[in-house]
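Input: a single structure, listed below in structure tokens.
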Protein chains: 2
Amino acid sequence: MNIEVRIIGRVESALTELAAAPRQADEGAPGAWLVFDPEIVPGLMNLEPGDEVVLLTWLDRARRDVLRVHPRGDTSRPLEGVFSTRSPHRPNPIGLHRVEITAIDGARFQVRNLEAIDGTPIVDVKPVLNEDVTAR
Amino acid sequence: MNIEVRIIGRVESALTELAAAPRQADEGAPGAWLVFDPEIVPGLMNLEPGDEVVLLTWLDRARRDVLRVHPRGDTSRPLEGVFSTRSPHRPNPIGLHRVEITAIDGARFQVRNLEAIDGTPIVDVKPVLNEDVTAR
């Protein structure tokens, strides 16, 4: 079975270099815009400024053949399995970002705290659920 | 640009019918096994029973041409944009599941609270981060 992902938009950000991107959003990510494909805009109905959403991206500069990494790229730390890390390098480099919508202008959504670089493909947006945010 | 997703495993669950699957994990999902492709097992190093992880699946029975849905399939409720819901029907039907690992047997991981049906493809596993679970 082949599964092809559809790009539904792109990140527009002042971050243009991998090296400049903070490794996690709480490490100083700037504001950014999500620029959606006009065809999928009907699916964005009901989202409003102030909403927190889970943004899924495809980290297209990542390596897909990596199964073990040094945490945070620090070679003094022992290798770990990629699935126990948030490394972008992994078989399916899906980025998972919790962001707050701060403004909406048609197909353009401004968000706070996004660590993705300019041009990163967007693949999904979901509302935050209680089960995501509370320990069981 | 074509993006092809690699299936890294499958869900093994007593849930075999869409109709029987709870809509959210806190609505009575049973235990299930994640059965990984032996090739990616090195990437699972460092995961242990007791860990909570974010499991990403590809909901392969979903419709990809849907942009508006009645919440929870209830036609008495007004249509909403799919990106403001957790409907499986969306351009990229990626399932996002927070689960706890309860046992590991080689390439088989038993998890608690997974609402996916038997055979659902697995596409990624990530550790839960503080930024996922705390409000900003």
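The values are calculated or read from the model by the stated rules, or taken from the named source; none is laboratory data. Since the structure is predicted, the reported quantities are computational estimates derived from the model, not experimental observations. Note that each Cβ is placed from the backbone with ideal geometry, even for glycine, and that neighbours are counted across all protein chains shown. The accessibility values were calculated without ligands, DNA or RNA, using every heavy atom of the protein model including side chains. Shrake-Rupley method; radii C 1.70, N 1.55, O 1.52, S 1.80 Å.
Worth a mention:
- A:R77/B:D118 FRET efficiency (R0 41 Å; Cβ-Cβ; nearest 0.05): 0.60
- In Å², nearest 10: area of B:T120 left accessible to a 1.4 Å probe: 10
- Accessible area of chain B belonging to carbon and sulfur atoms, whole % at 1.4 Å probe: 48
- Against the criterion of solvent-accessible heavy-atom surface with a 1.4 angstrom probe, B:R63, B:R86, A:R77, A:R98 sort, most first, into B:R63, A:R77, B:R86, A:R98.
- Reported value for segment A:61-130: 129 Å³ per residue, from the convex hull of its C-alpha atoms.
- Per-residue ellipticity at 222 nm from helix content only, as computed over the protein assembly as shown with -39500 (n - 2.57) for each DSSP H run of at least four residues, stands at -500 deg cm²/dmol.
- Derived from the Cα gyration tensor, the three semi-axes of the equivalent ellipsoid of segment A:80-121 are 27, 11, 7 Å, largest first.
- Peptide B:93-102 is shielded by partner chain Cβ atoms: per residue, an average of 3 of them sit within 10 Å of its Cβ.
- In the full protein context, segment A:31-115 carries 43 Å² of accessible surface per residue, based on a 1.4 Å probe and ignoring ligands, DNA and RNA.
- Solvent-accessible area lost on pairing B with A (1.4 Å probe, both sides summed) amounts to about 5400 Å².
- Which of B:L56, B:L129 is most accessible, then next, and so on - probe 1.4 Å: B:L129, B:L56
- Teacher prompt: B:V35 distances to equivalent labels in other copies, 7 Å Cα→Cβ, nm: 4.5
- Each other copy holds its own label point for B:E12; taking that point as 7 Å from Cα along Cα to Cβ, the gaps run 4.9 nm, nearest first.
- Solvent-accessible area of A:M1 with every protein chain in place, 1.4 Å probe, in Å² to the nearest 10: 130
- Heavy atoms of A:D65: accessible area, 1.4 Å probe, square angstrom to 10: 110
- Whole-Å semi-axes of chain B's equivalent ellipsoid (Cα gyration tensor): 26, 17, 16
- Projected label points at B:I3 and B:L129, each 7 Å from Cα along the beta carbon direction, are separated by 1.7 nanometres.
- 10 Å binning of all Cα-Cα separations within the protein assembly as shown, expressed as whole percents from 0 upward: 7, 30, 39, 21, 4, 0
- Approximating the spin labels as points 7 Å out from Cα along Cα→Cβ, the A:E39-to-B:E39 distance works out to 3.0 nm.
- 7 Å along Cα→Cβ, label-point gaps from A:L129 to other copies, nm, shortest first: 2.1
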